[in-house]
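Here the structure comes first, spelled out in structure tokens, and everything after it is commentary.
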């Protein structure tokens, strides 16, 4: 084979490998996106069912959530607040549902926790 054909074959092989890598990356990205989806409604219903006379649900609007990882950061920050029993955060909806001990947690404390995590929040 002449040098021209060898170079052409290498280029075609390289392009083929590149396309395979891109295809695998797209499939993996789609799988990760699916993995980061928080099933907010089912968890919110679970929280609502578990609400007792000594607990209340606080809903927050959270801005800046780009992924499930962001939602988990905010959830962790909310769970660190004294009096918070449970928290569910949806990056898809930009909302947080927080189950707290009645009268022990102020909305401002929750908003401050979200802001310390690097996001903004407001009462929903």
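The values are calculated or read from the model by the stated rules, or taken from the named source; none is laboratory data. Just so we're clear, the structure is a prediction, and the values are computed from it rather than from any experiment. Glycine gets a Cβ as well: all are built from the backbone with ideal geometry, and neighbour counts include every protein chain shown.
Quickly run through region 101-124 and pick out the residues that are part of a strand (DSSP E or B) and closer than 19 Å to residue 56 by Cα. Full working, then the answer.
Of the residues in region 101-124, the ones part of a strand (DSSP E or B) are 101, 120-123.
Correct list: 101, 121, 122, 123.
List every residue pair whose Cβ atoms sit under 8 Å apart, with the two residues 6 or more apart in sequence or on different chains, where the first one lies in region 105-120 and is closer than 18 Å to residue 66 by Cβ and the second, anywhere, is part of a loop (DSSP other than H, G, I, E, B).
Here the result reads 118/64; 119/64; 119/65; 120/64, each pair linking region 105-120 to a residue that is part of a loop (DSSP other than H, G, I, E, B).
I'd like the full set of residues that are under 14 Å from the mean Cα position of the chain (by Cα) and either under 15 Å from residue 116 (Cβ atoms) or assigned to a helix (DSSP H, G or I) (or both), limited to region 81-100.
87, 89, 96, listed by residue number.
Based on this model, can you work out whether residue 37 counts as assigned to a loop (DSSP other than H, G, I, E, B), at pLDDT 65 or above and in contact with a helix residue (DSSP H, G or I) (Cβ under 7 Å, 6 or more places away or on another chain)? Explain how you work it out, then say what you get.
Values: assigned to a loop (DSSP other than H, G, I, E, B): yes; at pLDDT 65 or above: no; in contact with a helix residue (DSSP H, G or I) (Cβ under 7 Å, 6 or more places away or on another chain): yes.
Criteria not met by residue 37.
Would region 68-80 turn up any residue that is at pLDDT 95 or above, part of a loop (DSSP other than H, G, I, E, B) and surrounded by fewer than 19 Cβ atoms within 10 Å (Cβ to Cβ)?
yes
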